[in-house]
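Q: Take a look at the following structure, please.
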Amino acid sequence: MIALIEDWLKRASLDVQEYVRLLGATARGMVTQPIYRHDIIEQFDAIGVASLTVVLLTGFFTGAVLALQSGLTLDQFGARPVVGRLVSASMIKELGPVLTGLMLSGRVGSGIAAELGSMVVTDQISALRALGTDPIRKLVVPRVLAGVLMAPVLTVVSDFVGIVGGWIVARYQLQVATGLYWSSIWQALYMQDIWMGLIKPFVLGFVIVTIACHVGLRTTGGTQGVGKSTTEAVVAGSVGVIAVDFFVTRVLISLMY
Amino acid sequence: MIQELADRAVVGGVADEPDRPVVVFDHVSLAFDDKVILKDVSFTLLSGRTKIILGASGAGKSITLKILLGLLKPDSGAVWVNGQRTDELAEEDMMEVRANLGMVFQEGALFDSLTVRENVGYRLYEETDMPLDDVDRRVEEVLGFVGLAEFAERMPSALSGGQRRRVAIARAMAAKPQILLYDEATTGLDPMTAMTVDDEIIKLRDIEEVSSILVTHQLRDAFYIATHAAVRQGNGDVRIVPADREKERESEFLMLRDGLIIFEGDAETLRRSKDEYLKTFLS
Ligand SMILES: Nc1ncnc2c1ncn2[C@@H]1O[C@H](COP(=O)(O)OP(=O)(O)OP(=O)(O)O)[C@@H](O)[C@H]1O
Ligand SMILES: [Mg+2]
């Protein structure tokens, strides 16, 4: 039993070491030549633009259901008109970043792990190195850049359609006047909230993509291994999103509020 | 032809002199955990010659090529490529050495997100300053060489196994490396296609003066390559002819077993060998 735990700890610490080394190499790859511009653009498209649909849909329905639920609760206090404030605060501070993060780890994290994993098991990564290309510069750097910069953009989109979804429910289901809904949002919009909502997705995007790249690149064991890596990337990415969200929130609260 | 030789000399940094050792393995050993793959392997490849590495499945043939490319580091021993010791080189410095090496991976290892053209021209497009027009021309040239000129815009997934293998060969030779490594370039191909691939290998060796290491299970192909030569005829065409004894000796066989080299010699010596294991392997 002890031996098993020891073994597990040893492997875990090796894994963390590898991960940290990957982060170092990625940082180096971002600031030194060669930089593969074409791949960076491609990844912005693959990670950012292609995730738009899923982010739009989840954002919209989350905002809508938030309005429905808080409408019920607010009625108990006769405070139905402030529904907009509740929806926007929850979307901007928490649900927008976290849900976008979860969607990205499902859509992007799995894709990255599967792609890099199958490149490993079919020797394509070896072939890249044999042809004089550093796989980290060519594959990891563009994905990390795209993930880090697109996650905030997608989060803002999600926040916005969430608030719009809330407005539709508020207007047609809860019978709250449009002017009232939006003015309650403006009144309660604090700069700190906006900062929090923008800083989080940077970190979450980074966590999702780097974990997925790490898991993908250390794939072993053929096609089966690729499947395992894909699952692992989604699980680790999702847990990472929730956990990191907590810690970032904690830090930001003590810094800003 | 002269232009090509000059090009290659510039790439390699050294003029091609005959009998210069281009690859040296000096008491190389490698183990994965407690599983010993290579115990003590030493051999030398001279410029313009061919080494044919034989051995049962799992004998460590692919590993040998990967060590040579610097994709794996040996546990002990030294590896020299073009006079430079490479087993201690950092990955960044290894990139320069790899500019002289071309590798045909066992399963092809084509980039499946790129077209055949982008695969073949990969190194030239991405890692050199060569003008795009020149790269395109070179890609067409090597694709023509392996008979796949009309497949340039296809994706690798839309190719047959043999076509993929030939694209892999084209990719390995596109940047005119001095040394080509073939890992099972003909395994799983029909005899006709295998023969075409063999002919390419012979042509590269005899016309382009590439040094090569060949890993294979296919003895028929190995002997064919060892015992044939390519000659350029008066009208510029290249023909494959049986090699004379002298030429034959330039191709050496090497048999790996249990991490050791148990045989090294030319085709004739291998045929005449009395060793039981070799005889079973050959029959
Ligand atoms: N990453 C690895 N980890 C552990 N063992 C490995 C690894 N790669 C290869 N091996 C083992 O090393 C041995 C040699 O592998 P190698 O690929 O060189 O065989 P090979 O001679 O090319 O065989 P084949 O003819 O089947 O291609 C095999 O027994 C293989 O199981
Ligand atoms: Mg092999």
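Q: Inside the range B:230-263, can you point out the residues that are in a strand (DSSP E or B) and either within 24 Å of residue B:203 (Cα to Cα) or in contact with a His (Cβ under 9 Å, 6 or more places away or on another chain) (or both)? Before the answer, list the steps.
A: Going through the range B:230-263, the residues in a strand (DSSP E or B) turn out to be B:230-232, B:238-242, B:251-257, B:260-263.
Across the range B:230-263, the qualifying residues are B:230, B:231, B:232, B:238, B:239, B:240, B:241, B:242, B:251, B:252, B:253, B:254.
Q: Report, by residue number, each residue of the range B:45-60 that is on the phi < 0 side of the Ramachandran plot and either open to solvent by less than 10 Å² (accessible area, probe 1.4 Å) or under 12 Å from the mean Cα position of the chain (by Cα) (or both).
A: B:45, B:49, B:50, B:51, B:52, B:53, B:54, listed by residue number.
Q: Please enumerate the residues belonging to the range B:132-169 that are within 14 Å of chain A (Cβ to nearest Cβ) and not aliphatic (A, V, I, L, M).
A: Across the range B:132-169, the qualifying residues are B:156, B:157, B:161, B:164, B:165.
Let's see how each residue does on (1) of a type in the set (Ser, Thr, Tyr); (2) under 30 Å from residue A:95 (Cα atoms):
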position: A:8; (1), (2): no, no
position: A:12; (1), (2): no, no
position: A:16; (1), (2): no, yes
position: A:26; (1), (2): yes, yes
position: A:58; (1), (2): yes, yes
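Q: Would you check which residues across the range B:35-60 are touching a His at 6+ places or on another chain (Cβ under 8 Å) and either near ligand 2 (Cβ under 10 Å from one of its atoms) or without any contact (Cβ under 8 Å) to a residue 60 or more places away in the chain (or both) and list them?
A: Correct list: B:57 only.
Q: Another question, if that's okay. Considering only residues that are assigned to a helix (DSSP H, G or I) and polar (S, T, N, Q), look in the range A:1-47 and name the one that is farthest from residue A:146 (Cα to Cα).
A: Pass one, the range A:1-47, residues assigned to a helix (DSSP H, G or I): A:2-31, A:37-47.
Then drop every residue that is not polar (S, T, N, Q), which leaves A:13, A:17, A:26, A:43.
Numbers: A:13: 28, A:17: 24, A:26: 13, A:43: 6 Å.
Among those residues, the one meeting the criterion is A:13.
Q: Just to verify a result, which residue in the range A:120-167, among those that are among the acidic types (Asp, Glu) and at the interface with chain B (Cβ under 10 Å from one of its Cβ atoms), is farthest from residue B:104 (Cα to Cα)? Spell out the reasoning first.
A: If we filter the range A:120-167 for residues that are among the acidic types (Asp, Glu), which is where we start, we get A:123, A:134, A:159.
Narrowing the set further to residues that are at the interface with chain B (Cβ under 10 Å from one of its Cβ atoms) leaves A:123, A:134.
Numbers: A:123: 11, A:134: 18 Å.
In this case the residue turns out to be A:134.
Q: Now a separate question. So in the range B:90-120, with the set limited to residues that are at pLDDT 90 or above, more than 23 Å from residue B:208 (Cα to Cα) and at the interface with another protein chain (Cβ under 7 Å from one of its Cβ atoms), which one is farthest from ligand 2 (Cβ to nearest atom)?
A: Here the residue is B:111.
Q: Of all the residues that make up the range B:19-44, how many are near ligand 1 (Cβ under 9 Å from one of its atoms) and either on the phi > 0 side of the Ramachandran plot or surrounded by 15 or more Cβ atoms within 10 Å (Cβ to Cβ) (or both)?
A: Of the residues in that region, 4 qualify.
Q: Mind counting the residues in the range B:183-213 that are of a type in the set (A, V, I, L, M), open to solvent by 10 Å² or more (accessible area, probe 1.4 Å) and within 16 Å of ligand 1 (Cβ to nearest atom)? Please lay out each step first, then the result.
A: The first filter runs over the range B:183-213 and keeps only residues of a type in the set (A, V, I, L, M), leaving B:185, B:189, B:192, B:194-195, B:197, B:201-202, B:204, B:207, B:210, B:213.
Within this subset, residues satisfying the condition of being open to solvent by 10 Å² or more (accessible area, probe 1.4 Å) are B:189, B:192, B:195, B:207.
Narrowing further to those that are within 16 Å of ligand 1 (Cβ to nearest atom): B:189.
The total comes to 1.
Q: I'd like the full set of residues that are in a loop (DSSP other than H, G, I, E, B) and in contact with a Gly (Cβ under 6 Å, 6 or more places away or on another chain), limited to the range B:160-187.
A: We begin by selecting, within the range B:160-187, every residue in a loop (DSSP other than H, G, I, E, B); these are B:160, B:175-178, B:184-187.
Hits for the range B:160-187 are B:177, B:178.
Q: While we're on this one: Identify, by number, the condition in (1) more than 14 Å from chain A (Cβ to nearest Cβ); (2) within 16 Å of ligand 2 (Cβ to nearest atom); (3) touching a Ser or Thr at 6+ places or on another chain (Cβ under 8 Å) that residue B:261 doesn't meet.
A: Result: residue B:261 passes all but (2).
Q: With respect to the numbered conditions (1) surrounded by fewer than 22 Cβ atoms within 10 Å (Cβ to Cβ); (2) within 16 Å of ligand 1 (Cβ to nearest atom); (3) at the interface with another protein chain (Cβ under 10 Å from one of its Cβ atoms); (4) without any contact (Cβ under 8 Å) to a residue 40 or more places away in the chain, which one is the sole condition not fulfilled by residue B:63?
A: (3)
Q: Can I ask one more? Any residue in the range A:198-227 that's under 30 Å from residue A:88 (Cβ atoms): show its pairings with residues that are surrounded by fewer than 24 Cβ atoms within 10 Å (Cβ to Cβ) and of a type in the set (Lys, Arg) at Cβ separation under 9 Å, as long as the two are six or more apart or on different chains.
A: Cβ pairs passing all conditions: A:200/A:93.
Q: Which condition breaks for residue B:129 when tested against (1) away from chain A (no Cβ under 13 Å); (2) open to solvent by 50 Å² or more (accessible area, probe 1.4 Å); (3) not in a helix (DSSP H, G or I)?
A: (1)
The values are calculated or read from the model by the stated rules, or taken from the named source; none is laboratory data. Because the structure is predicted, anything quoted here is derived from the model rather than measured. Methodologically, a virtual Cβ is constructed for each residue, glycine included, from the backbone with ideal geometry; neighbour enumeration extends over all protein chains shown. Quick note on the areas: whole protein, heavy atoms, side chains included, nothing else; ligands and nucleic acids left out. Shrake-Rupley method; radii C 1.70, N 1.55, O 1.52, S 1.80 Å.
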